[in-house]
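**Student:** Okay, here's the structure, questions in a sec.
The values are calculated or read from the model by the stated rules, or taken from the named source; none is laboratory data. This structure is a prediction, so every number in the text was calculated from the model and none was measured. Cβ: placed from backbone, ideal geometry, glycine included. Neighbour counts: every protein chain shown. The protein model used for the area step is the full one, side chains on, heavy atoms only, and it has no ligands, DNA or RNA in it. Shrake-Rupley method; radii C 1.70, N 1.55, O 1.52, S 1.80 Å.
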Amino acid sequence: DKLIAPAAEAMRPSGIRKFFDLAAEMPECISLGVGEPDFKTPWAVREAGIESLEHGRTRYTSNAGLKELRAEVAKYLERRMGLHYDPLHEVLITVGGSEAIDMCIRTLVQPGDEVIIPEPCFVCYEPITTLSGGVPVHVACRQEDEFRLRADALKAAITPRTKLLIMPFPNNPTGMCATKAQLKKWVDYALANDALIIFDSAYEAFIVEDDVPHSIYEIEGAEKCAIELRSFSKTAGFTGVRCGYTVVPKACVFEGKSLNPMWARRQATKFNGVSYITQRAAEAVYTEQGQKEIKETLAYYQKNAKVIFEGMQAAGFTCYGAVNSPYVWLKVPEGMTSWEFFDLLLDKTHVVGTPGSGFGPSGEGFFRLTAFGNADKTVEAVERIKAYFAQNK
């Protein structure tokens with residue numbers, strides 16, 4: 001009973017990964033369940049990693065990351081969003097976006113601190129908060145609001161112990177975003193109340209609407225209260241290689257202290273940096289050829305998302321997402337749980353998706369389908385579902 005820490009004992013298994021073994025045993029099964037690109041990493045990116053390995057460039061790097069990669073990240077932020085950051089002191093390379101999230105929460109949260117988490121959401125925010133001694137405070141984003149975060153719901157969740165607000169936009173799984181006007185309100189609140197925002201922007205590359213910012217730092221004052229993180233996983237087909245980054249502005253201050261030097265110390269204690277080969281490959285993401293291939297791939301996913309969205313609507317489902325997002329979030333039939341709907345799809349159509357309850361209690365009654373697959377298989381999966389529900393209304 002004393003072997004495992006209570007916080008670890010209380011952690012729930014991931015609902016997202018539960019179906020991997022089931023799908024693997026069914027060769028006829030089409031998976032629209034996992035948020036993983038079904039494409040090879042762009043050749044320009046692979047080639048850079050191969051070249052690094054061939055030349056024996058496999059040594060340690062700075063804990064904060066190769067200066068060349070950090071410089072490319074800073075150039076991207078300037079080119080894409082008009083933002084200016086010091087690559088050597090405000091950009092940290094991390095082991096995927098997941099380490100960035102872990103590092104953010106563990107560095108900032110002390111026992112008893114409350115962390116506000118909009119839900120449904122990516123699965124790791126709550127357990128990391130709990131392991132840090134913090135208190136997760138869930139704010140439900142509901143269907144009647146099209147899964148947008150309501151100001152009054154957020155306000156009701158805030159207490160004197162609130163320290164962090166996690167903002168995962170575009171959202172996984174619902175695909176919902178925050179507009180510039182909405183973000184300005186949250187930033188103004190954080191500035192006025194000495195709170196902090198973690199802006200998880202893993203799906204930034206999918207944004208197409210003008211009123212949705214690509215970075216929270218497009219909002220005036222955000223550099224004083226927000227930490228932003230990104231991942232290469234979804235944009236570069238880079239999931240298993242594990243690389244992401246965090247922007248920590250020098251101006252970001254909490255209780256009169258800059259977070260920037262503290263961040264560097266925290267990063268030094270974890271993984272001793274991302275692998276050299278991975279970082280060299282990540283650099284190539286920003287080359288002309290790398291960007292060309294990535295834009296083509298993103299367009300492919302966006303087309304897949306439209307196919308799924310329109311197909312599910314035609315089958316009679318209420319759907320959300322698909323715009324600014326590679327995910328389609330749909331309401332399951334009345335009287336069914338999200339896991340019962342999962343079983344039904346698997347049994348009757350041999351299509352796999354992700355039960356909404358895997359993203360928290362607010363996801364119950366909903367279901368996620370992803371656009372990260374082969375176009376022909378995506379079309380086939382949609383047709384299977386449409387055909388079944390046409391016959392079984």
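**Student:** Within segment 246-282, how many residues are within 18 Å of S98 (Cβ to Cβ), assigned to a loop (DSSP other than H, G, I, E, B) and at pLDDT 80 or above?
**Tutor:** Qualifying residue count, segment 246-282: 3.
**Student:** With (1) under 26 Å from E220 (Cα atoms); (2) open to solvent by less than 30 Å² (accessible area, probe 1.4 Å); (3) assigned to a loop (DSSP other than H, G, I, E, B) as the list, and L77 as the residue in question, which single condition is left unmet?
**Tutor:** Going through the list (1) under 26 Å from E220 (Cα atoms); (2) open to solvent by less than 30 Å² (accessible area, probe 1.4 Å); (3) assigned to a loop (DSSP other than H, G, I, E, B), L77 breaks only (3).
**Student:** To continue, here is another question. What single numbered condition from (1) open to solvent by less than 20 Å² (accessible area, probe 1.4 Å); (2) modelled with pLDDT of 90 or more; (3) more than 21 Å from F232 (Cβ to Cβ) fails to hold for G33?
**Tutor:** Answer for G33: the failing condition is (2).
**Student:** In segment 248-267, is there at least one residue being open to solvent by less than 40 Å² (accessible area, probe 1.4 Å), of a type in the set (V, I, T) and out of contact with any His (no Cβ under 8 Å at 6 or more places or on another chain)?
**Tutor:** Yes, there is a match, as at least one residue in segment 248-267 is open to solvent by less than 40 Å² (accessible area, probe 1.4 Å), of a type in the set (V, I, T) and out of contact with any His (no Cβ under 8 Å at 6 or more places or on another chain).
**Student:** Right, next: Tell me which residues, restricted to segment 143-188, are open to solvent by 40 Å² or more (accessible area, probe 1.4 Å) and free of Cβ contacts under 8 Å to residues at least 24 places away in the same chain.
**Tutor:** E144, R150, D152, K155, A156, P160
Yes/no matrix, rows are residues, columns are (1) modelled with pLDDT under 65; (2) closer than 30 Å to L131 by Cβ; (3) touching a strand residue (DSSP E or B) at 6+ places or on another chain (Cβ under 6 Å); (4) surrounded by 11 or more Cβ atoms within 10 Å (Cβ to Cβ):
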{"site": "P13", "(1), (2), (3), (4)": "yes, yes, no, no"}
{"site": "K18", "(1), (2), (3), (4)": "yes, yes, no, yes"}
{"site": "E28", "(1), (2), (3), (4)": "no, no, no, no"}
{"site": "T41", "(1), (2), (3), (4)": "no, no, no, yes"}
{"site": "A44", "(1), (2), (3), (4)": "no, no, no, yes"}
{"site": "G65", "(1), (2), (3), (4)": "no, yes, yes, yes"}
{"site": "E68", "(1), (2), (3), (4)": "no, no, no, yes"}
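**Student:** Please determine whether any residue of segment 146-159 is more than 17 Å from G175 (Cβ to Cβ) and touching a Pro at 6+ places or on another chain (Cβ under 7 Å).
**Tutor:** No, segment 146-159 has no match at all.
**Student:** Could you list, in sequence order, the residues of segment 84-123 that are in contact with a Ser or Thr (Cβ under 6 Å, 6 or more places away or on another chain) and either in a loop (DSSP other than H, G, I, E, B) or without any contact (Cβ under 8 Å) to a residue 24 or more places away in the chain (or both)?
**Tutor:** Within segment 84-123, V109, P120, V123 meet the criteria.
**Student:** What are the pairs, 6+ residues apart or on separate chains, where a residue within segment 359-387 that is free of Cβ contacts under 8 Å to residues at least 40 places away in the same chain has its Cβ under 6 Å from a residue that is open to solvent by less than 10 Å² (accessible area, probe 1.4 Å) and in a strand (DSSP E or B)?
**Tutor:** So the pair list comes out as F367/L330.
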